[in-house]
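Since the structure comes first, as structure tokens, the remarks are kept for the end.
The values are calculated or read from the model by the stated rules, or taken from the named source; none is laboratory data. Note that this is a predicted model, so its numbers are computed, not measured. Here the Cβ positions follow ideal geometry from the backbone for every residue, glycine too, while neighbour counts run over all protein chains shown.
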């Protein structure tokens, strides 16, 4: 059998008849052994996996070392959404694929405790105060999750923070930024976590993702009076592909479903977590989706004067957007007369901000990045 896991930056396989859909997964890694709590479409299961070797003809990387920056002995926790598993068994051996690399493994399955199943159910939920539909598309309605607090006195206007989850324009959920949403809502922001169209769920391209990001920013500005928002203090941000589409709302007037609207879809500030800033074949991510047209959607090619003040947060061990590639983008931003603060977190991997539960090392990463974003936005008098 072949067991396939896809992380947020991988391309999905087509579903085949009889496949079991994985709705949420938590993985803990220690050495050559991994423990996974999985919520399937038809139930729950614990999966214990042990590496037994490298698959023939495959790059000799283990599950541990394949994930950017992980070392044998590390123990981490991260989430997988919308993966597929095509096997039902109590114990299996076979080949597992991870980030296009493979290894041989043995796996054992067992039932979960009540506490574990409750934990997985919480992973799938998003505890926003308000959920509304912000856009109707041929592929379905798109929701936006809204978090707010009573920090501001009645009658005063709040800043808005709109955060787009990552997932390679193919997968992902707004839960990506739930911890940040609650934190910044407690500081007096109105925080918005939008859904947007994705390859895996909607069969769409990154162009539709960009269009939806613009629609979300415009919707927030159009509804500023309802939510007591200052339309001139709208912060857009995101992680990975979400950072890319946040950037695109500011960098180009193309790819806009409501181009004739008098309401601007350009944010006033940008907060970018390991954003996809380069889509070139040589150094970037996603070239295969755009090929010769990559320059029209690659932020590194679209830098111009007058862009919103921005902060870029990146892990030194990021293998998707390497520090040297992001530094080139930041330098171009500065050379164009734009304000662009760059913070490099030593020892952090791609997606360090993507965890809604306090599990090391993500709790430290989320807290630290929250402080740095706070400092940046306070210096800009956003709040």
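Out of all the residues in region 271-283, which are surrounded by fewer than 22 Cβ atoms within 10 Å (Cβ to Cβ) and touching a helix residue (DSSP H, G or I) at 6+ places or on another chain (Cβ under 9 Å)? Steps first, answer last, please.
Of the residues in region 271-283, the ones surrounded by fewer than 22 Cβ atoms within 10 Å (Cβ to Cβ) are 280-283.
If the condition is that a residue be surrounded by fewer than 22 Cβ atoms within 10 Å (Cβ to Cβ) and touching a helix residue (DSSP H, G or I) at 6+ places or on another chain (Cβ under 9 Å), then 280, 281, 283 are the ones that fit.
Does residue 357 satisfy the criteria of being in the same structural domain as residue 158 (by TED's automatic domain parsing), surrounded by 15 or more Cβ atoms within 10 Å (Cβ to Cβ), modelled with pLDDT under 95 and over 20 Å from residue 285 (Cα atoms)?
Details: in the same structural domain as residue 158 (by TED's automatic domain parsing): yes; surrounded by 15 or more Cβ atoms within 10 Å (Cβ to Cβ): yes; modelled with pLDDT under 95: yes; over 20 Å from residue 285 (Cα atoms): yes.
The answer is yes for residue 357.
Could you pull out the residue among 183, 176 that is within 25 Å of residue 380 (Cβ to Cβ) and modelled with pLDDT under 90? Show your work before the answer.
Values: 183 fails: modelled with pLDDT under 90.
Matching residue, one of 183, 176: 176.
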All conditions in (1) part of a strand (DSSP E or B); (2) surrounded by fewer than 18 Cβ atoms within 10 Å (Cβ to Cβ) are true of residue 292 except (1)
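Being in the same structural domain as residue 273 (by TED's automatic domain parsing), buried (at least 23 other Cβ atoms within 10 Å of the Cβ) and at pLDDT 90 or above: is that true of residue 160 here? Spell out how you get there, then give the answer.
Numbers: in the same structural domain as residue 273 (by TED's automatic domain parsing): yes; buried (at least 23 other Cβ atoms within 10 Å of the Cβ): yes; at pLDDT 90 or above: yes.
Answer is yes for this residue.
The rows are residues; the columns are (1) under 16 Å from residue 333 (Cβ atoms); (2) surrounded by fewer than 16 Cβ atoms within 10 Å (Cβ to Cβ).
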{"position": "242", "(1), (2)": "no, no"}
{"position": "246", "(1), (2)": "yes, no"}
{"position": "249", "(1), (2)": "yes, no"}
{"position": "263", "(1), (2)": "no, yes"}
{"position": "266", "(1), (2)": "yes, no"}
{"position": "269", "(1), (2)": "yes, no"}
{"position": "285", "(1), (2)": "no, no"}
{"position": "298", "(1), (2)": "yes, no"}
{"position": "314", "(1), (2)": "yes, no"}
Name the pairs whose Cβ atoms lie under 6 Å apart, with the first residue in region 291-306 and without any contact (Cβ under 8 Å) to a residue 40 or more places away in the chain, the second outside any loop (DSSP other than H, G, I, E, B) and surrounded by 14 or more Cβ atoms within 10 Å (Cβ to Cβ), and 6 or more positions between them or separate chains?
-> 294/287; 295/301; 300/329
Scan region 332-354 and give yes if some residue there is modelled with pLDDT under 95, on the phi > 0 side of the Ramachandran plot, surrounded by fewer than 19 Cβ atoms within 10 Å (Cβ to Cβ) and not in a strand (DSSP E or B), otherwise no.
-> yes
Give the residues of region 179-229 that are farther than 21 Å from residue 248 by Cα and buried (at least 24 other Cβ atoms within 10 Å of the Cβ), sorted by residue number.
-> 180, 181, 184, 189, 190
